[in-house]
Structures are given as structure tokens and as C-alpha cells.
Amino acid sequence: MNPMATGRNRVVTMPTFSKLKLPAALFAVAALLALPAVANATLTYTKGFQKPSVYYAESNGKGAHKIGAGRNSKVSPDGETVIYEKEAGNGAEMRLYSIPLGKGQRLMNPWRESFVFAWSPDSTMIAALKGPLNGKATLMIINLENGKRIKVGTGYFNGVSFSPESNEIVYGVAQTPDYPPKSDLFKYSIETGKTVKLSHNQNSVYPLWGPTGQIVFARQLGAKSRKYGPANQLFVMNEEGQRISQVTHTEVNPFAQGLSPIGFSENGNRLLTEFGGQDQSYAVAVNMVTGAEKPLTNNPETGFVGAAISPDGTTVLGTAGLGFGGNPKPKVVTVPFNGGPQKVLVANAYEPTWSN
């Protein structure tokens, strides 16, 4: 029995963002006025800790505009729409903001585990989790053009990603909250509602669909031999779950989890990952052709937390100075993919995202 069959392919309608749209002529004017902020790429980020707020700016950090109270922004690939999290009661709600229109609205409440999230490459859909703080979550696909919501299934999810054509998603899910998660990867067709199981070993997590069709993911290895938990190594498969091969052979200390994928360059040859563990989280550049790895910081505790990679694969966006348990002094910075000095884009800011 497919573990994701419960409630699959349930489609409902919701209020659409079109209610905020201006007449066509005024919409064109609004888009032109916003052009300096969305040209080339749009940068979003958070400022403040006790009362965080979300901002957007040009890709170099210039021309900043405040969106409102919230955090964990996710800018669309076309740079025109921002999804972000705002506190609401005992949980969080998902907010949507249009940069050309300068307006926003609530999109979903409650929003569960905002780190499991994906934009479609064509910027028309998002995939996100809905549900209470405890128990199984529901994976939803929301079409921002027509307002439809698709309920994909329920479980304990660890990652989701759209296909390059924006017509399918891949996700990792377990049916129990156990650690390490007994997780497998599934592919879901938005057009047909069909779900296909891509892995069968219950140790596959964090899938990311690459621009050339490859799916990179982590396998949790050594769960029985390691004292504190398994170590992630990155593997790659085709979109049918076949031709699986190992990409990385990372040295993972006993208190670390290992690598998880963040983003691809547009040719699929360069991959940004994050090495995580106890009191450590830092960006690692991975060459998908050779498997070579390059940590992008010399200080795993306060160095550089990765967020995004530029389409040409030359530049990595992230946060420096967050630290663990101390007095964070964050700043949004970029570093070369091959390593090098940090370039500060925004001081006293963190959680950045980039559009394409």
C-alpha cells in the first residue's frame, strides 16, 4: 500500500492573489516602477531577532524596502513574489507579498516547518506543509494563479522540490517520528495525481531536483555503527529512481549529520550544500562531476551558513556571524563558489534568499 495514498489528489479552491491585482495598465506601471528592485535578481532577508521583519532589495543589497513583520522569506524565481512566515497565535502563518503591487495577504495558516518548502521554477506554484506543531503534517501544492490547492499526502516530511518543468514534485517522507527517520522518496505528478515511489530503503532524505533532470538526495548511512546517529552522504538518481550513484564521501564526525543539498547551478555541475551537526552549520561547495568538496568557511561555528547559489554557479549567498549560543552579529554576504573573501551585502541581517 502506498503510504501517501491517504487524502491524495484532493483539490480545493481558495481565495486567489488575483484579488490584489490592479487593472492591466496600472499593473504594467507598477511593474515598471518596481523594476530596479527585481532586475537581474531580487534579494530578501530578515532583520531583528525579538521583532523580526522581512525586507527585499536589489541583488547587491541596495534599494532596500521593508515588507513587514516576519521572517524566513522565500523569493520566487522570477523575483516578483515573496513568501514569508509571520507569528500567529501558537504557530505561524504563511504570508504572500507582491513586489510589483506592494501588497500582501495571508496564504495559509497554520504553516508547518517552513524549511520544507519549494517554489516551482515557473514561479506559479509553491509546495509547503500545513498542520499543527505535533503529529503528521500535510504536504500541499498551491497554485498562485488559479488559487487551487492540492493535498499530496500526510506524514513527517524532510524535503520537497519541483521538477525543471514545474509539473512534478519529489519529496522525502516518513510515516513515524522516529529518529533516524524511516524515510523514502516519492514523485508526484501534478497533472495526473499519480504518486511513484523512487526509493525503498527507508534511509533516503532531502531530495533536490536538478535543472538537467537529476535528483540529488542524502542517504543516512551507519545508523547501527555510529553512536549518535547516521551520517549523510549525497547520492544522485534519474527522475525514474534509477541509475543511482554516490556523489560525496564526506568525513562526518560523531556529532555531525553531514551534508544536505540546497541548490544547483543552472548547468547542474555545481551544488551548494550545508554541513550540519551539533553546534555547527556551514556551507560546502560540491562539484557534481568529480565529487570534490570545498567548505566555504574556516570556522564551522560562526563562519558561513549557505542559502543560495547564483545561476552561473560562481557565487554563493549566505549568512555570516550567526554563531551558536553567543551574541550573533549576522550579515548577509556572498562568497565565491571556489572559496575566497566574503562580500557584505547587508549588515545586521540573516536568512537571505535570491531569485534567479
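Annotations for the structure displayed:
- Qualifying positions in the stretch 127-156 - free of Cβ contacts under 8 Å to residues at least 12 places away in the same chain and at positive phi: Gly135
- When Gly321, Gly326 are screened for being of a type outside the set (A, V, I, L, M, F, W, C), at pLDDT below 95 and crowded, with 19+ Cβ neighbours inside 10 Å, only Gly321 passes.
- Within the stretch 223-279, the set of residues being loosely packed, with under 12 Cβ neighbours inside 10 Å and of a type in the set (D, E, K, R) comprises Lys224, Lys227, Glu240, Arg243, Glu251, Asp279.
- So Gly323, is it more than 16 Å from the chain's Cα centre (by Cα) and assigned to a loop (DSSP other than H, G, I, E, B): yes
- From the list Gln175, Gln233, Gln202, Gln220, the lone residue that is modelled with pLDDT of 95 or more and farther than 27 Å from Val152 by Cα is Gln233.
- Candidate set from the stretch 155-195 (those that are among the β-branched types (Val, Ile, Thr) and farther than 24 Å from Asn232 by Cα); member that is nearest to the chain's Cα centre (by Cα): Ile190
Rundown of residues vs (1) more than 24 Å from Gln214 (Cα to Cα); (2) buried (at least 21 other Cβ atoms within 10 Å of the Cβ); (3) small (Gly, Ala, Ser), yes/no style:
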position	(1), (2), (3)
Asn109	yes, no, no
Glu113	yes, no, no
Ile126	no, yes, no
Leu133	yes, no, no
Glu145	yes, no, no
Lys148	yes, no, no
Thr154	yes, yes, no
Ile169	no, yes, no
Tyr179	yes, no, no
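- Residues that are assigned to a loop (DSSP other than H, G, I, E, B) and under 21 Å from Gly210 (Cα atoms), drawn from the stretch 242-287: Gln242, Arg243, Ile244, Val247, Thr248, His249, Thr250, Ser265, Glu266, Asn267, Gly268, Asn269
The values are calculated or read from the model by the stated rules, or taken from the named source; none is laboratory data. Keep in mind it's a predicted model, so treat the numbers as computed, not measured. Methodologically, a virtual Cβ is constructed for each residue, glycine included, from the backbone with ideal geometry; neighbour enumeration extends over all protein chains shown.
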